[in-house]
Amino acid sequence: RKLIDKMAQRLTYRRRHSYATKSNRVKKVRTPGGKLVFHYVAKKSNAPVDPKTKQILNGVPVLRPAKGSKSQTNKKDRTVHRPYGGVLSGANVKERIVRAFLIEEQKIVKKVLKLQSKKTSKK
């Protein structure tokens, strides 16, 4: 009689999906009543990364696609307060701004040089 009580308890999946796939991962948990049951383990999600540097974006939560949807979270929780916030890293945005500024400066310098060359050619 004691031997039967000590035998391992059989466990079955709690949902209809009966194969041990990535989407059907479980862990064994003992309930307060002393029963062993399966608890389903959620898949790990990938952190959002900067497309250029492949660096993880700070301030943006690591969520599964359904949990990060517009109906589940606020916009302020999904992004960072900056242009391209939540898409590009701060360093990448800074680099873009500096590059755009330098290109504009270069255009102005070219224009000034062109005007100066016209003045010298007239004289």
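Checking (i) 30.0, 117; (ii) 41.0, 120; (iii) 13.8, 42 against Rg and Dmax of the Cα atoms in Å calculated from these atoms, the matching label is (i). Within the shell defined by Cβ-Cβ distances under 12 Å, the residues around Lys35 carry a net charge of +3, with Lys and Arg each +1 and Asp and Glu each -1.
Averaging the Cα positions of each part gives two centres, and for the stretch 87-123 and the stretch 6-41 these lie 65 Å apart. Per residue, the chain reaches -11000 deg cm²/dmol at 222 nm when only DSSP H runs of four or more residues are counted, each adding -39500 (n - 2.57). Dividing the mean sequence gap of close Cα pairs (under 8 Å, 6+ apart) by how many residues the chain holds gives a relative contact order of 15 percent.
What a 1.4 Å probe finds exposed on the chain is 57% carbon and sulfur by accessible area, rounded to a whole percent. Over the chain, accessible surface divided per residue gives 92 Å², non-protein components excluded, 1.4 Å probe. Pairs exceeding a 19 Å alpha-carbon distance, out of Lys52/Lys110; Lys54/Lys94; Lys44/Lys76; Lys44/Lys75: Lys52/Lys110; Lys44/Lys76; Lys44/Lys75. Relative to the longest principal axis of the Cα atoms of the chain, helix 90-122 runs at roughly 10 degrees. Proximity of backbone amide H atoms, modeled 1.01 Å from N, is registered between Arg82 and no other residue at under 5 Å, excluding neighbours fewer than 5 places apart on the same chain.
The values are calculated or read from the model by the stated rules, or taken from the named source; none is laboratory data. Only a predicted model underlies this, so the values are computations on that prediction, with no experimental measurement involved. Every residue, glycine as well, gets a Cβ built from its backbone with ideal geometry; the counts of neighbours run over all protein chains shown. In case anyone asks, the SASA skips ligands and DNA or RNA and just uses the protein heavy atoms, side chains included. Shrake-Rupley method; radii C 1.70, N 1.55, O 1.52, S 1.80 Å.
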